[in-house]
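To keep things clear, I will list the structure first and then write my remarks on it.
The values are calculated or read from the model by the stated rules, or taken from the named source; none is laboratory data. None of these values were measured; they are calculated from a predicted model. Please note: Cβ atoms are built from the backbone with ideal geometry, for glycine as well, and neighbour counts cover all protein chains shown.
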């Protein structure tokens, strides 16, 4: 049921992201996570001995494999495999070969995915402002508490 809902939402967002002339309505934004949230992510990474790069938007990332295909833009349609976890290790979502329009996703993905190309893999450590913020999200199997740091392992399979 969850996969059907995600597929329906993806198709709806895909169709609504384009105007009648085929132009994309998504735009990059200038959202930056507050320093306090960046410090919380850094403290989490340090506690586990993880070395990651800070993006100017305030999330941390590790490029596992850079890829060698196309680089996605905010209007690109992407196919990914991913696992999303909370800092306590609980997996809140995991999908294979799922399609999204990049611009319809959380800011952490919108800013992080373009750091790799098709065929690449990345780990994202996303502070709340670039994730779900102060909203509680119920995925059906896990509740993502408000102000959660989100951890993603993402493989970018295809870019269109």
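Brief remarks on what is shown
- All of (1) modelled with pLDDT under 95; (2) within 12 Å of residue 151 (Cα to Cα) hold for residue 26 with one exception: (2).
- Qualifying residue in segment 109-125 (condition: touching a helix residue (DSSP H, G or I) at 6+ places or on another chain (Cβ under 7 Å), assigned to a loop (DSSP other than H, G, I, E, B) and closer than 14 Å to residue 28 by Cβ): no
- Check on residue 83, within 23 Å of residue 27 (Cβ to Cβ) and at pLDDT 95 or above: no
- In segment 34-44, residue nearest to residue 116 (Cα to Cα) [restricted to those that are in contact with a strand residue (DSSP E or B) (Cβ under 8 Å, 6 or more places away or on another chain) and surrounded by fewer than 18 Cβ atoms within 10 Å (Cβ to Cβ)]: 42
- Residues in segment 126-144 that are in contact (Cβ under 8 Å) with a residue 40 or more places away in the chain, over 23 Å from residue 27 (Cα atoms) and not in a strand (DSSP E or B): 139, 140, 141, 142.
- Any hit, segment 142-158, residues being surrounded by fewer than 16 Cβ atoms within 10 Å (Cβ to Cβ) and within 22 Å of residue 39 (Cβ to Cβ): yes
- Candidate set: segment 51-75, residues that are in contact with a strand residue (DSSP E or B) (Cβ under 8 Å, 6 or more places away or on another chain), part of a loop (DSSP other than H, G, I, E, B) and without any contact (Cβ under 8 Å) to a residue 60 or more places away in the chain; chosen: the one farthest from residue 27 (Cα to Cα): 51
- Picking from residues in segment 76-108 that are in contact (Cβ under 8 Å) with a residue 60 or more places away in the chain and in a loop (DSSP other than H, G, I, E, B), the one that is nearest to residue 148 (Cα to Cα) is 87.
- Checked against the criterion of being farther than 19 Å from residue 132 by Cβ and touching a helix residue (DSSP H, G or I) at 6+ places or on another chain (Cβ under 7 Å), the candidates 72, 56, 66 yield just one match: 72.
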